[in-house]
Amino acid sequence: MESFAVERSAVPSTEYAIEVTNLRKSFGKVEVLKGLNLQVQRGSLLALLGPNGAGKTTTIRILSTLIRPDSGSVRVFGHDVVHAADAVRRRVSLTGQFASVDDDLTGFENLVLVARLLGFSWRQAKTRATELLNAFGLEEASDRLVKHYSGGMRRRLDIAASIVISPDILFLDEPTAGLDPRSRRYVWDIVRTLLNTGTTVLLTTQYLEEADQLADRIVIIDEGTVIADGTIGELKASVGSGSLHIRLRDPLRRPEAERIVAQSLKTAVTLESDPSALSAQVSDPELVASTLTNLSRAGVIVNDFSLGQPSLDDVFLALTGQPAEDQNTVKEVVQ
Amino acid sequence: MTAMDLQQAAIKPVDEATLRSALSAQGRPRRPHAFSASLTLAWRALLKLRHSPMQLFDVTMFPIMMTLMFTFLFGGAIAGSVGEYVQFLIPGISVMTVAMISMYTAMGLSTDIAKGIFDRFRSLSFWRPAVLVGALLGDAVRYSLAALVVFVLGFILGFRPGGGIIGMMAALAIMLIFAFSLSWIWTMIGLLIRTPESVMMVTSMASFPLTFASNIFVDPQTMPQWLQVVVWINPVSHATTAVRGLMHGTAASGDIVAALIACAALIVIFAPLTMYFYNTKNAR
């Protein structure tokens, strides 16, 4: 890589890469953020979890200066996103929910375009574009129009465009939404490598698994406020070690099974929509064995069972008393 | 290679070392100059034209259609003969053509906003008007092409400009400046209206009075007084007068100055408004 004239700006030094205090934002009459507080440590990955409409995208758009907050303080590396928007823009990069790449250009042209707009010369821009396409495994697709890319390729190109200049903070808005498992893992690998090079990452997701894989810290938001903030371990501890799912051979025996499970686990049992299935939160995994034994003694035949990690749904249930809203019925307010 | 092969080939494990070296490229170049950013975005507009040349179809068909229609339908009635009318119409129809084509800039902008590339642009810290200036510069190629089509067709139909090559070139320059100035109105509409389809509808609705209530087709002397006032206010008329004068070699310097003032007025009014809406889009 050629050397560049490096521009430096005085940056107030803070421990946190992102500090958000009492952030509020409404669109018309809809109050999307109702006093949000958030801190992200330098070099860490924070996952912002929540159902659609919780305010995740709005938060990220405010942090990347695309929209203005109504009130509250939002600082990125000490720079105010409203008064020092340009200073913020120079340090952050955003990969939005809808790929911010140009469908009518090739992958190579897209990266050259972004590099040029960041101030690279034509020659430097082309070198950088080639380098990134290789690093993201897109070299064979570099001369294809992006509209012919698969979802996973498009997402990778999008992330590549976000790191033409390695940003200090990368915002990823649902980076793996709609991707197949392999593409999803690929994106995770990219994010991990980014973290290893010291980039701070803030990502939004609806999947607890994704947060589990990547995040140092998790913030759960619902209806515009933070409802939980902690490490993945802390959050899981708050909902118990997981949940036991049981499927019976005979649906008619379910009331009996419900009673036995409730007694053995000393907790409430959820009856699933499947008439032969039931589940319960488990606080102590030791109790699971005796629960199964008790069922077998009573002659209730268990076809299969699993002791799962708590899901985002379980966390929500524990925190709010209601399941996470149906992902398809609630549309996120973006405009 | 089929699309499926392409996808299979393209997914392979992340090469940590390559990725790391790509990521660790440190140093940040200086913010690009306004001119350089605009040129880059003009390059983008030209690439799109190269990837989908079909876009040039309406640029060429529209002027041909309009010229033939007006010449043969109204030529006799308005000017006594087709040959006579062509001398009057060709300069005007070239102005109308570029005015109509300038609407595509707004369409393009609206599509960008709908798609998300707009967010990418807005989150970078280059000179903001470059997005619009670049698109408009890129469109200059389309304008010139369309104008050329009209010139050639006009020549075939018997258009004999007295201003010669120099007059035609000067006229083309005025047309480009005018189209650039007029585009700011369309881009403003493009920013204010949500979908590309409605942008198209509104801009074409606006373009009819703009082009017909002018001196493109007929001399306004036969119009009622109030309409003459409208025609005089219409910037299209000033551009047409200047272009007609330059092509026939009869332009008074006052005509050219008037056209340039009309262009300047368009920019002074609509460029700041457009930039205002651009900067506050979704930020309100």
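The values are calculated or read from the model by the stated rules, or taken from the named source; none is laboratory data. Quick caveat: nothing in here was measured; it's all calculated off a predicted structure. All Cβ positions, even for glycine, are placed from backbone atoms using ideal geometry, and neighbour counts span all protein chains on display. When the accessible area is computed, the model is the full protein with side chains, heavy atoms only, and any ligands, DNA or RNA have been set aside. Shrake-Rupley method; radii C 1.70, N 1.55, O 1.52, S 1.80 Å.
Look at the alpha carbon pairs under 8 Å that are at least 6 residues apart: their mean separation over the length of segment B:92-249 gives a relative contact order of 42 percent. The magnitude of the dipole of segment A:140-203, with charges of +1 and -1 set on the Cβ of Lys/Arg and Asp/Glu and taken from the Cα centre, is near 220 debye.
When the solvent-accessible area of segment A:164-286 is split by element, carbon and sulfur atoms take up 48 percent of it, the probe being 1.4 Å. The mean count of C-beta atoms from other chains within 10 Å of the C-beta of residues in A:143-153, rounded to a whole number, is 3.
Out of the chymotrypsin sites (Phe, Trp or Tyr not before Pro) in segment B:175-211, which ones are loop residues according to DSSP with at most 13 other C-beta atoms within 10 Å?
When the chymotrypsin sites (Phe, Trp or Tyr not before Pro) of segment B:175-211 are filtered for loop state and at most 13 Cβ neighbours within 10 Å, nothing remains.
Put the Cα centre of segment B:77-91 next to the Cα centre of segment B:50-72 and the gap is 20 Å.
A loss of 50 Å² or more of accessible area (1.4 Å probe, protein heavy atoms, ligands and nucleic acids excluded) relative to the isolated chain is seen in these residues of segment A:78-98: A:89, A:90. Taking A:31, A:174, A:286 as the candidate residues, the one with maximal mean-square fluctuation in a Gaussian network model of chain A, Cα springs under 10 Å, is A:286.
In angstrom, the C-alpha Rg and Dmax of chain B are 22.3, 78. A loss of 10 Å² or more of accessible area (1.4 Å probe, protein heavy atoms, ligands and nucleic acids excluded) relative to the isolated chain is seen in these residues of segment A:184-201: A:186, A:189, A:190, A:193, A:194, A:196, A:197. Based on C-alpha pairs under 8 angstrom that are at least 6 apart in sequence, chain A has a relative contact order of 20 percent.
For the peptides A:140-149, B:98-107, B:115-124, the ranking by mean Cβ contacts within 10 Å, running from highest to lowest, is B:98-107, B:115-124, A:140-149.
Past 26 Å, Cα to Cα: identify those pairs from A:29/A:56; A:29/A:147; A:25/B:115; A:236/B:115; A:126/A:147, in the order given. The answer is A:29/A:147; A:236/B:115.
Mind checking how much accessible area B and A bury in total, 1.4 Å probe, in Å² rounded to 100?
5800
Rounded to whole Å, give me the distance from the Cα center of segment A:51-71 to that of segment B:223-284. Measuring centre to centre over Cα atoms gives 41 Å. Of the accessible area of segment B:209-284, computed with a 1.4 Å probe over protein heavy atoms only, carbon and sulfur atoms account for 73 percent. A straight Cα-to-Cα reach below 13 Å connects residue A:266 with the aspartates and glutamates A:258, A:284, A:286, residues fewer than 8 places away in its own chain not being considered. Cα-based values for chain A, radius of gyration first and Dmax second, are 23.5, 78 Å. Counts of other chain beta carbons within 10 angstrom of each beta carbon in peptide A:105-112 average 3.
When you restrict to C-alpha pairs under 8 Å that are six or more residues apart and normalise by the size of segment A:111-223, the relative contact order lands at 22 percent. When both bridge partners sit in the protein assembly as shown, DSSP labels roughly 65% of those beta bridges antiparallel. Peptide A:134-140 has a mean shielding of 6, counted as Cβ atoms of other protein chains within 10 Å of each residue's Cβ.
Between residue A:227 and residue A:249, the simple spin-label model (points 7 angstrom out along Cα→Cβ) gives 4.0 nm. Counting only alpha carbon atoms, the long axis of helix B:196-212 and the longest principal axis of chain B meet at about 20°. Charge dipole (Cα centre; +1 on Lys/Arg Cβ, -1 on Asp/Glu Cβ; no other charges) of chain A amounts to roughly 400 debye. The calculated 222 nm mean residue ellipticity attributable to helices in chain A amounts to -10000 deg cm²/dmol, summing -39500 (n - 2.57) over DSSP H runs of n ≥ 4 and dividing by all residues. Of the peptides A:159-165, A:116-122, A:264-270, the order by per-residue mean of other Cβ atoms within 10 Å, starting with the highest, comes out as A:159-165, A:116-122, A:264-270.
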